[in-house]
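The values are calculated or read from the model by the stated rules, or taken from the named source; none is laboratory data. Because the structure is predicted, anything quoted here is derived from the model rather than measured. All Cβ positions, even for glycine, are placed from backbone atoms using ideal geometry, and neighbour counts span all protein chains on display. Calculation scope for accessible area: heavy atoms of the full protein, side chains included, ligands and nucleic acids excluded. Shrake-Rupley method; radii C 1.70, N 1.55, O 1.52, S 1.80 Å.
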Amino acid sequence: MTRYLKPDVHAVAIGADLAVLDIAGDAYLCLPGGAAVLNGPGGIAPGPMAEALGEAGLLAAEPPSGTRAPPAPPVRSIIHEPLAGPAGPRALLAAAGVVADLRTARAGQGLAPYLALAEARSELSRDPDAVLAAARLFWKISPWLPIEGECLPRSAMLIAFLRRRGLAADWVFGVRLWPFNAHCWVQAGDVCLNDDVERLCAYTPIYCR
């Protein structure tokens with residue numbers, strides 16, 4: 001009988017191997033030779049691999065709902081394009097709020113508090129022109145924010161900034177194997193908002209927020 005990944009567990013085949021992201025457990029896993037265990041979206045075929053995943057608490061009896069497939073890889077980036085014009089008071093206020101958002105996320109445990117920054121109580125717009133304009137504006141402001149970090153906090157800040165301006169974009173998590181590494185970035189359609197496209201070619205998307 002086919003079982004399914006839990007809603008907060010995501011997997012992707014990379015060659016013959018299987019990479020797994022366990023959000024609740026704040027962990028990535030690699031199952032060498034495990035790619036064949038995938039059986040449709042979120043499905044896990046019966047067998048020793050399924051038993052191992054079940055014993056690890058990563059499987060459920062019902063298929064997950066509401067899972068978003070990662071978008072197609074971006075083909076260009078805005079980070080080398082001309083910066084936006086002067087930041088107005090509304091943008092500066094949103095940037096100040098982003099600092100508080102990230103400090104709240106850092107006070108929590110694992111990945112989940114960062115992902116919460118993508119949540120919003122009202123409908124968010126994905127209008128590409130508005131999202132790209134806001135991302136350029138944030139790219140100009142971000143060097144002055146009193147927080148540094150790698151891809152996770154940088155992407156979290158951009159997502160929080162967009163949310164505070166009533167906008168949303170795709171927050172993509174990717175992995176590579178042998179050697180293992182994880183990375184995340186923000187994109188709108190086929191445009192990456194905070195990284196070089198050439199860098200992202202090494203990663204296979206595993207999850208999209």
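Listed values, structure above:
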quantity	calculated
Output for region 159-188, where each listed residue is of a type outside the set (Val, Ile, Thr), under 25 Å from Leu102 (Cα atoms) and not in a strand (DSSP E or B)	Ala160, Phe161, Leu162, Arg163, Arg164, Arg165, Gly166, Ala168, Ala169
Any hit, region 6-27, residues being free of Cβ contacts under 8 Å to residues at least 60 places away in the same chain and either more than 30 Å from Val197 (Cα to Cα) or in contact with a Phe, Trp or Tyr (Cβ under 6 Å, 6 or more places away or on another chain) (or both)	yes
Residues satisfying the stated conditions in region 135-177, i.e. touching an Asp or Glu at 6+ places or on another chain (Cβ under 8 Å) and either open to solvent by less than 30 Å² (accessible area, probe 1.4 Å) or under 30 Å from Gly15 (Cα atoms) (or both)	Cys151, Ala156, Met157, Ala160, Leu167, Leu177
Pro41 being closer than 18 Å to Pro205 by Cα, in contact with a Pro (Cβ under 8 Å, 6 or more places away or on another chain), in a loop (DSSP other than H, G, I, E, B) and modelled with pLDDT of 90 or more	no
In region 19-32, the residues that are farther than 16 Å from Glu55 by Cα, open to solvent by 20 Å² or more (accessible area, probe 1.4 Å) and out of contact with any Leu (no Cβ under 6 Å at 6 or more places or on another chain)	Pro32
Residue in region 71-87 that is within 20 Å of the chain's Cα centre (by Cα) and polar (S, T, N, Q) present	yes
Region 48-70, residues that are surrounded by 12 or more Cβ atoms within 10 Å (Cβ to Cβ), part of a loop (DSSP other than H, G, I, E, B) and out of contact with any Pro (no Cβ under 8 Å at 6 or more places or on another chain)	Ala56, Gly57, Leu58
Long-range neighbours under 6 Å by Cβ, at least six apart or interchain, first residue closer than 15 Å to Val186 by Cβ within region 63-74, second β-branched (Val, Ile, Thr)	Pro70/Val172; Pro74/Val191; Pro74/Val197
Filter result for Ala130 (without any contact (Cβ under 8 Å) to a residue 40 or more places away in the chain and over 18 Å from Val75 (Cβ atoms))	yes
For Ala16: the one exception among (1) modelled with pLDDT of 90 or more; (2) of a type in the set (A, V, I, L, M, F, W, C); (3) crowded, with 18+ Cβ neighbours inside 10 Å; (4) touching a Gly at 6+ places or on another chain (Cβ under 8 Å)	(3)
Search result, residues across region 85-106 that are open to solvent by less than 80 Å² (accessible area, probe 1.4 Å) and assigned to a loop (DSSP other than H, G, I, E, B)	Gly85, Ala87, Gly88
Residue list for region 190-206, restricted to those being open to solvent by 20 Å² or more (accessible area, probe 1.4 Å) and over 10 Å from Arg76 (Cα atoms)	Arg199, Cys201, Ala202, Tyr203, Thr204, Pro205
